[in-house]
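So the structure is just underneath, and the comments pick up after that.
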Amino acid sequence: MKITLIDAGKRFNRDWIFRHFHYEFIAGRTYAITGVNGSGKSTLLQAVAGAIGISEGRIEYAREGTIAPDQVFRHLSIAAPYLDVIEEMTVTEFLHFHASFKPLLADWTVKEILHKVGLAAAADKQIRYYSSGMRQRVRLAQAIFSDTPLVLLDEPCTNLDKDGITLYDQLIRDHCKGRLVIVSSNDVQEYEFCEKVINIMDYKL
């Protein structure tokens, strides 16, 4: 998968979040979007995901042909602390529900995924009773084990303890090879594996 941003810019009211952003994200590579808190890292990531529109320029998507911007969601998965999970479901129900419209990686069952991310003991507990760290493990499981060529990670270690951060590193190593991975973070431990680092502060006015 390839994503090309051509003179892209996004503003809210009169404030430009980023502008004149020219960049090409290439399949199989890993990228980090960095910058201080409130600088617009998440906004850029959401623009790449097609979740929000840009104010100028354009974004092109390709995967064995052109992908329409309103269809790019079919090719990506995302983990972010602000994304809700369905609290009334157990994590087992939630991942089965998610897999019904976005298939899991080949040869992985929900039961195996829950064991991998350390949630097997809570497989039948409603997510509403999960700690914030456990919920973040659910988000990572949903994103990384979805069979998508593009994985977007926004502050992926939020609320994770030391063991959770170790798990995150292992999931990246084991399951993201050959995929296009973009991480939005100002914490180097979340993106130290990335080959390219983009400082959004370079794309202000």
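Throughout, read-outs are computed from the coordinates displayed, never taken from laboratory work. Being a predicted model, the structure only gives us computed values, none of them experimental. Counting neighbours? That spans all protein chains shown, and the Cβs are built from the backbone with ideal geometry, glycine included.
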>> Please list log₁₀ I(q)/I(0) at q = 0.08 Å⁻¹ for the chain, using the Debye equation with identical point scatterers on the alpha-carbon positions.
In response: -0.27
> What does the charge dipole of the chain about its Cα centre add up to, to the nearest 20 debye, if the Cβ of each Lys and Arg holds +1 and the Cβ of each Asp and Glu holds -1?
Replying inline: 260
> Taking the DSSP beta bridges in the chain as the whole, what percent of them are antiparallel, to the nearest 5?
Replying inline: 50
> Distances over 19 Å make up what percent of all Cα-Cα pairs in the range 157-205?
Replying inline: 33
>> Tell me the angle of helix 132-144 to the major Cα principal axis of the chain, expressed in degrees between 0 and 90 and rounded to the nearest ten.
In response: 70
>> Please report the equivalent ellipsoid semi-axes of the range 101-205, computed as sqrt(5 x eigenvalue) of the Cα gyration tensor, largest first, in whole Å.
In response: 25, 17, 12
> Which GluC sites (Glu not before Pro) from the range 51-157 combine a DSSP loop assignment with at most 10 other Cβ atoms within 10 Å?
Replying inline: 64, 88
> Quick one: Karplus J couplings for the range 54-67, per residue in order, coefficients 6.51, -1.76, 1.60, θ = phi - 60°, nearest Hz, x for Gly and Pro?
Replying inline: 9, 8, 8, x, 8, 10, 10, 10, 9, 7, 6, x, 6, 10
> So for the range 8-61, Kirkwood radius off the Cα pairs, Stokes-Einstein at 10 °C and 1.306 mPa s: how many µm² s⁻¹?
Replying inline: 133
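For a quick check: sort 98, 75 by the number of other beta carbons within 10 angstrom, fewest at the front.
Exposure proxy ranking, most exposed first: 75, 98.
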> Can you give the angle from 0 to 90° between the axis of helix 162-175 and the longest principal axis of the chain, with both taken from C-alpha atoms, to the nearest 10?
Replying inline: 70
>> For a 24 Å ceiling on Cα separation, which of these pairs sit above it: 162/204; 41/102; 116/177?
In response: 162/204; 41/102
> Taking only DSSP H segments of four or more residues, each worth -39500 (n - 2.57), what value at 222 nm results for the chain once the sum is divided by all its residues, to the nearest 500 deg cm²/dmol?
Replying inline: -7500 deg cm²/dmol
>> Tell me which of 50, 183, 153 sits at the most positive position along the dipole axis of the chain, charges placed on C-beta atoms (Lys, Arg +1; Asp, Glu -1).
In response: 50
> With the chain treated as a Gaussian network of Cα nodes joined by springs under 10 Å, which of 82, 168, 31 yields the largest mean-square fluctuation?
Replying inline: 82
>> Can you pull out the trypsin sites (Lys or Arg not before Pro) in the range 137-182 whose DSSP state is coil and whose Cβ has at most 10 other Cβ atoms within 10 Å?
In response: 177
